[in-house]
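Novice: Structure incoming, see below.
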Amino acid sequence: MTVCELCGEETRSRYLCERHTVQLAKRLDDLPTLYAEVGECLVPRRSGPAEFVSTAPAGPRSPLDEDVLDTVNMARAAEVLQLWRVDVQRERWPQHTPPPPAALDANCRWLAMELEWIVDHYPGAGDMAREVGELEAQARTIVGDPAPRPQRLGTCVAADSDGVICGAVISRLPGQSRVTCRWCGYSYESEQDWLLLLHFQPREAA
Ligand SMILES: [Zn+2]
Ligand SMILES: [Zn+2]
């Protein structure tokens, strides 16, 4: 086994490449929050006593396909990861008794802690990564996939050869450490650049 099960990249005898290992770790970390959001987005199917149903406020029916509630929910995600956890544990410690059913966050944490071993030794690593990816994608169909918003940092303070300040708006995505001004092409990347940018911002008119 020398290539990543997901992308075919060389991995020096691991089941996943570095990029897909990191991606899987991140997904395991994100899933519990994501599914908590799913729970908030979806109001469960009414299953209470009949009178409760009949007194429910009349109104337009939810546009949601209610079947989605049966397939995309925290309990099912927890179950899927439970199966992987049981299987990984059986491979790694065959003598142990299987773990009792646990919540999604506990299963995600456990798998994340064993990730190095999984990627090195567990032949199901690729399938597990794919299934975790599907769980994430399903949740995203409900909670949406908010694209990170650019933060406006100020206006470009670079000066041209005549000493004229550029003044174009400079914004960056969260975590982005290097921004090239789209107007004058000045590249903000060092700590110093950012400090200068902030320092020379024109004062807002009070
Ligand atoms: Zn890969
Ligand atoms: Zn500029």
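The values are calculated or read from the model by the stated rules, or taken from the named source; none is laboratory data. In this text the structure is predicted, and so the values were computed from the model without any measurement. Reconstructed Cβ throughout: ideal geometry from the backbone, glycine too, with neighbour counts over all protein chains shown. Only protein heavy atoms, including side chains, enter the accessible area calculation; ligands, DNA and RNA are left aside. Shrake-Rupley method; radii C 1.70, N 1.55, O 1.52, S 1.80 Å.
Novice: In segment 119-136, how many are open to solvent by 10 Å² or more (accessible area, probe 1.4 Å) and assigned to a helix (DSSP H, G or I)?
Specialist: 8
Novice: Report yes if Leu196 is of a type in the set (A, V, I, L, M, F, W, C) and either open to solvent by less than 40 Å² (accessible area, probe 1.4 Å) or under 23 Å from the mean Cα position of the chain (by Cα) (or both), otherwise no.
Specialist: It is false that Leu196 is of a type in the set (A, V, I, L, M, F, W, C) and either open to solvent by less than 40 Å² (accessible area, probe 1.4 Å) or under 23 Å from the mean Cα position of the chain (by Cα) (or both).
Novice: What pairs can you find where one residue is in segment 60-84 and over 13 Å from Ala139 (Cβ atoms), the other is at pLDDT below 90, and their Cβ atoms are less than 7 Å apart, with a gap of 6+ or different chains?
Specialist: Once the first residue is over 13 Å from Ala139 (Cβ atoms) and sits in segment 60-84, its partners that are at pLDDT below 90 give Leu64/Leu42; Glu66/Arg45.
Novice: For Thr141, are the conditions met, namely being within 16 Å of ligand 2 (Cβ to nearest atom) and either of a type outside the set (Asp, Glu) or not assigned by TED's automatic domain parsing to the domain that holds Glu40 (or both)?
Specialist: Against the criterion (within 16 Å of ligand 2 (Cβ to nearest atom) and either of a type outside the set (Asp, Glu) or not assigned by TED's automatic domain parsing to the domain that holds Glu40 (or both)), Thr141 does not qualify.
Novice: Residue under question is Pro101, and the condition is that it be assigned to a loop (DSSP other than H, G, I, E, B) and either more than 16 Å from ligand 2 (Cβ to nearest atom) or under 30 Å from Cys4 (Cα atoms) (or both); does it hold?
Specialist: yes
Novice: Right, next: Anything in segment 62-95 that is at pLDDT 85 or above and open to solvent by 70 Å² or more (accessible area, probe 1.4 Å)? List them, or say none.
Specialist: Hits for segment 62-95 are Met74, Arg76, Glu79, Leu83, Arg90, Glu91, Arg92, Trp93, Pro94, Gln95.
Novice: Could you list all residues from segment 144-154 that are open to solvent by 30 Å² or more (accessible area, probe 1.4 Å) and either closer than 15 Å to Ala77 by Cβ or within 16 Å of ligand 2 (Cβ to nearest atom) (or both)?
Specialist: Pro150, Arg152, Leu153
Novice: Then there's this: Which members of segment 169-187 meet the condition of being within 9 Å of ligand 2 (Cβ to nearest atom), under 16 Å from Gln151 (Cβ atoms) and crowded, with 16+ Cβ neighbours inside 10 Å?
Specialist: Across segment 169-187, the qualifying residues are Ile170, Cys181.
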